[in-house]
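S.K.: Before I ask anything, let me first share the structure, which is written out below as structure tokens.
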Amino acid sequence: MKRGIGFLLIGILFGIVLFKSEAASWFRIYEMFNFKSFHMYGIIGTAVTLGVIIIQLIKRFKVKSFYGAEISIQPKEKSIVRYLIGGTLFGLGWALAGACPGPMFALTGAGFYPILIVILSATLGTFLYGFLRDKLPH
Amino acid sequence: MSWIFGTWPWYVSGMGIAFVMFLLLMMGKKFGMSSNLRTLCSICGAGKKASFFNYDWKAQKWNLVVVAGVIIGGFIANNFLTTDNAVQIDSEMVSELKSLGFESAGEAYLPKEIYGLEEMNLQSILILIIGGLLVGFGTRYAGGCTSGHAISGLSSLQLPSLIAVIGFFAGGLFMIHVLFPIIFN
């Protein structure tokens with residue numbers, strides 16, 4: 001229960017940041033892919049720079065989780081084709097709908113209900129991938 | 001305190017996202033929003049059709065709680081922390097979008113031409129469906145989305161994530177610069 005409240009609070013913080021940074025705005029995504037503003041690059045750049053430092057510190061000092069367990073970062077499996085094709089398809093959808101999986105939920109809470117169509121079709125898209133998985137190059 | 005009600009600067013937002021990733025690691029989990037779409041499939045019984053969805057989704061319940069939080073966060077942000085939610089994008093972008101038929105550019109959070117409930121039409125619904133399908137299919141094929149690859153993966157210096165992010169941009173640039181002029185003319 002206590003952990004559940006922790007996850008809920010983390011989600012609330014994330015949702016507020018996504019909405020207030022306008023990373024959940026279709027217009028910001030359009031602007032980003034036109035290289036007309038630093039805003040989105042600044043957000044991702046700051047998050048990744050701090051993220052690299054955080055993960056290096058966790059590794060260097062063998063930081064334990066809140067529950068005393070070791071924090072392990074699983075390496076992603078090696079491949080080029082799945083990341084390139086999958087990534088490109090994702091990018092096409094990201095630019096068209098102007099929303100990726102995090103912002104979709106923030107927009108739901110913000111009351112932009114047509115986003116539910118995007119969430120539903122994204123779930124269906126995930127299902128299609130699972131269904132065709134064995135036939136796709138990885 | 002008035003800064004809270006405007007657009008949060010990029011460095012505040014970037015710090016916030018890094019902090020979210022840090023907290024999830026400290027909770028013994030990892031940052032990744034698109035896995036929830038797979039969990040939703042499993043809950044709906046997709047495991048009967050594809051073994052990819054036969055896994056212990058109950059172990060992923062924590063991430064659905066994060067999603068519930070994101071929904072609440074979006075509600076709080078739009079209703080209590082925002083006075084005017086119009087997104088002030090670059091003025092050149094505004095005129096370009098207006099010429100493509102997006103009259104709401106510079107005056108709304110999302111384009112009414114795609115996300116307006118009253119303006120809904122066959123084209124806008126198709127855009128939402130196709131966009132969603134591509135995001136859902138692509139993210140699972142690539143094994144992650146913006147949070148899992150662009151933030152988490154790049155932060156742990158993983159080459160696969162860099163390849164995925166290059167793909168994100170290849171697809172996004174192709175959509176905006178090649179397909180948009182065809183779709184919206």
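S.K.: Name the single residue that is farthest from A:A23 (Cα to Cα) among those in segment A:74-98 being aliphatic (A, V, I, L, M), open to solvent by 50 Å² or more (accessible area, probe 1.4 Å) and touching a helix residue (DSSP H, G or I) at 6+ places or on another chain (Cβ under 8 Å).
M.R.: The qualifying residue farthest from A:A23 (Cα to Cα) is A:I80.
S.K.: Yes or no: A:F66 surrounded by 22 or more Cβ atoms within 10 Å (Cβ to Cβ) and within 7 Å of chain B (Cβ to nearest Cβ)? Step through it out loud before you land on a result.
M.R.: Working: surrounded by 22 or more Cβ atoms within 10 Å (Cβ to Cβ): no; within 7 Å of chain B (Cβ to nearest Cβ): yes.
No; evaluated as a whole, the condition is false for this residue.
S.K.: Does B:W57 meet the test of being closer than 26 Å to A:I16 by Cα and among the aromatic types (F, W, Y)? Full working, then the answer.
M.R.: Details: closer than 26 Å to A:I16 by Cα: no; among the aromatic types (F, W, Y): yes.
In short, no.
S.K.: Here's a check for you: in segment B:26-62, which residue that is touching a Ser or Thr at 6+ places or on another chain (Cβ under 8 Å), in a helix (DSSP H, G or I) and at the interface with chain A (Cβ under 8 Å from one of its Cβ atoms) is nearest to A:I71 (Cα to Cα)?
M.R.: B:M26
S.K.: Could you please find all residues in segment B:129-184 being aromatic (F, W, Y), in a helix (DSSP H, G or I) and more than 7 Å from chain A (Cβ to nearest Cβ)?
M.R.: B:F180
Okay, residues lined up against (1) on the phi > 0 side of the Ramachandran plot; (2) of a type in the set (A, V, I, L, M, F, W, C):
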residue: A:K78; (1), (2): no, no
residue: A:V81; (1), (2): no, yes
residue: A:L84; (1), (2): no, yes
residue: A:L89; (1), (2): no, yes
residue: A:L92; (1), (2): no, yes
residue: A:A99; (1), (2): no, yes
residue: A:L107; (1), (2): no, yes
residue: A:G111; (1), (2): yes, no
residue: A:P114; (1), (2): no, no
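The values are calculated or read from the model by the stated rules, or taken from the named source; none is laboratory data. Computed from a predicted model, the values in this text were never measured in an experiment. Virtual Cβ from ideal backbone geometry, glycine too; neighbours counted across all protein chains shown. Only protein heavy atoms, including side chains, enter the accessible area calculation; ligands, DNA and RNA are left aside. Shrake-Rupley method; radii C 1.70, N 1.55, O 1.52, S 1.80 Å.
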